[in-house]
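Notes follow once the structure below has been shown.
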Amino acid sequence: MPDVIILLFNRDLRVTDHPALQQACQDARQVVPLFVIDPAIPPRGRAGFLIECLDDLRASLRERGADLVVRRGNVVAETMRIAAETGATAIYTSGDVSALARKREGRFRRENIEFRTFPGITIVPPAQLKPVTGDHYKVFTPYFRAWSEIRWRSIAETPDTIAMPEVRPGDIPRPRRRPHLPGGEREVRRRLDLWLRHCLRDYAAGHDDLAGDHTSRLSPYLRFGCVSPLELATRSGASEEFVRQLCWRDFYAQVALAFPGLPREDYRPGRREWRHDKEAEDAWREGMTGVPIVDAGMRQLAAEGWMHNRARMIVASFLTKTLGIDWRVGADHFEELLLDADVPNNYGNWQWVAGTGNDTRPNRVLNPVRQAKRFDKDGEYIRRYVPELANIPTTMLHEPWRAPSPILGYTAPIWRG
């Protein structure tokens with residue numbers, strides 16, 4: 001049995017259902033829980049949420065007799081420095097699929113130390129499911145069928161105690177401002193219990209209702225691993241529609257594993273020529289397009305670091321299909337502001353909407369007028385985030401051609417059809 005193993009946290013900031021943590025505690029006499037803040041990764045709008053997650057993780061580890069060791073610098077270099085300091089002979093971590101994560105894992109494997117990755121970021125490991133032909137599923141529906149039939153792993157046991165060698169814990173930096181949503185495993189467990197008790201049964205019928213806001217808002221916690229996606233799927237199994245949304249996360253993870261260029265390259269190239277229009281791009285980012293449902297979604301993003309999923313689809317379709325602007329412009333803006341942005345989901349979904357990704361109907365266009373009438377029929381969502389329209393009749397909110405758009409002029413009647 002090794003004397004010391006380093007448990008390197010990344011996008012798995014929890015102690016519940018953490019296979020790498022469970023195995024480290026079984027395999028070693030002492031474990032060093034470590035998180036390295038990489039200055040090469042811009043903090044973006046998620047910095048405050050991350051800090052609250054780290055605070056919460058440290059508290060959970062201290063309850064078990066350990067602590068969270070925090071360092072700042074190159075992740076591989078700092079981890080190896082801790083290994084030398086503590087005499088650790090192995091590093092355990094949760095496997096991830098982004099190009100950055102895989103490059104980092106490759107560097108660890110070249111070091112003179114045992115390095116092991118474990119499941120936990122997704123429900124089904126990205127490489128576990130493969131079609132008869134090809135290295136990954138390119139279309140969601142056959143993936144979902146295969147995913148639904150596979151036997152999931154068991155929930156990992158949460159260690160009661162964690163023995164840890166003497167090592168300076170290090171300080172967790174203080175955020176400049178608190179996030180709109182509080183971070184951490186304790187907070188998500190509180191929210192999860194309430195949501196499962198009161199909202200899950202209505203999810204299928206109401207998850208597209210923009211004003212009703214019946215979505216779980218658990219996505220930021222999934223992004224940082226404050227809650228296990230497997231536990232979430234297991235506990236919400238009565239709602240096939242919700243579990244299906246969790247499957248989309250796994251689907252894009254296996255796409256990103258097979259296609260590392262997902263954030264920058266067209267998954268299906270040659271679909272479209274994009275145009276550059278800085279004025280239109282800025283108006284879209286600022287929620288000043290003059291199209292109420294689009295502006296509401298973009299202002300929700302700016303205010304909360306989150307956006308209703310239906311609104312995400314509407315604003316993405318508007319940018320790429322109506323304005324003809326490159327999907328990378330929108331995806332990078334979401335990456336900057338969204339609390340829940342991760343590489344597979346964010347860029348995979350943007351490519352799906354833009355017609356360059358995994359949508360089997362690449363020419364699909366979401367008509368913003370029809371979408372507003374269907375999913376915000378009383379205009380409540382629009383008025384909530386575009387207060388200057390508070391006294392405008394609903395019929396006018398759903399007929400944007402009655403007021404000129406700063407970037408479209410009076411061209412909006414093309415949406416009548």
Lysine-lysine proximity count for the chain, Cα under 24 Å, sequence distance 8 or more or distinct chains
7
So what is the calculated 222 nm ellipticity per residue for the chain, using -39500 (n - 2.57) for each DSSP H run with n of 4 or more, over all residues, to the nearest 500 deg cm²/dmol?
-12500 deg cm²/dmol
Please turn the phi angles of the stretch 131-139 into ³J(HN,Hα) values with the Karplus equation 6.51 cos²θ - 1.76 cosθ + 1.60 (θ = phi - 60°), one per residue in order, whole Hz, x for glycine and proline.
x, 4, 10, x, 9, 7, 7, 9, 10
Selected from 23, 351, 245 as most flexible by GNM, with the chain as the system and alpha-carbon contacts under 10 Å:
245
Taking the Cα centre of the stretch 68-227 as origin, work out the dipole magnitude from +1 charges on Lys and Arg Cβ and -1 charges on Asp and Glu Cβ, in debye rounded to 20.
460 debye
With Cα atoms, 0 to 90° folded angle of helix 185-198 axis to the chain main axis
50 degrees
Checking the stretch 34-139 for chymotrypsin sites (Phe, Trp or Tyr not before Pro) in a loop per DSSP with at most 16 other beta-carbon atoms within 10 Å yields none
Rank 365, 303, 353 by how far each Cα sits towards the positive end of the charge dipole of the stretch 278-416 (+1 on Lys, Arg Cβ; -1 on Asp, Glu Cβ) and give me just the farthest.
365
Around residue 207: net Lys/Arg minus Asp/Glu count, Cβ-Cβ under 9 Å
-3
Exposed loop sites here are GluC sites (Glu not before Pro) in DSSP loop states with at most 15 other C-beta atoms within 10 Å. What is the longest stretch of the chain lacking them?
274-417
Measuring from its Cα centre, the chain shows a charge dipole (+1 at each Lys and Arg Cβ, -1 at each Asp and Glu Cβ) which, in debye to the nearest 20, is 600 debye
For helix 240-258, what angle does its Cα long axis make with the longest principal axis of the chain, in degrees from 0 to 90 and rounded to 10?
70 degrees
For the chain, the charge dipole (Cβ of Lys, Arg +1; Cβ of Asp, Glu -1; about the Cα centre) points to a positive end, and the Cα of 224, 77, 167 closest to that extreme belongs to 224
To the nearest 10 degrees, how steep is helix 47-63 against the longest Cα principal axis of the chain, on a 0 to 90 scale?
30 degrees
Length-normalised contact order for the stretch 4-120 - Cα pairs under 8 Å, 6+ apart - percent:
36 percent
Length-normalised contact order of the stretch 58-214, Cα under 8 Å, at least 6 apart, in percent, tallies to 27 percent
Given Cα pairs under 8 Å that are at least 6 residues apart, what percent is the relative contact order of the stretch 278-416?
28 percent
Quick one: which residues, 5+ away or cross-chain, put their amide H under 5 Å from the amide H of residue 94? H built at 1.01 Å from N.
10, 118
For the stretch 242-308 and the stretch 138-155, what is the centre-to-centre distance using only Cα atoms, to the nearest Å?
25 Å
Order the peptides 365-376, 321-332 from the highest to the lowest mean number of other Cβ atoms within 10 Å of their residues.
321-332, 365-376
Farthest positive-ward along the chain dipole, Cα basis, beta-carbon charges - from 1, 210, 131:
131
If I build a Gaussian network model for the chain, linking alpha-carbon pairs within less than 10 angstrom, which residue out of 309, 358, 349 has the largest mean-square fluctuation?
309
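Each reported figure results from applying straightforward, stated rules to the coordinates on display, with no laboratory input. In this text, all values refer to a predicted model and were calculated from it rather than measured experimentally. Positions of Cβ are backbone-derived with ideal geometry, glycine not excepted, and every protein chain shown enters the neighbour counts.
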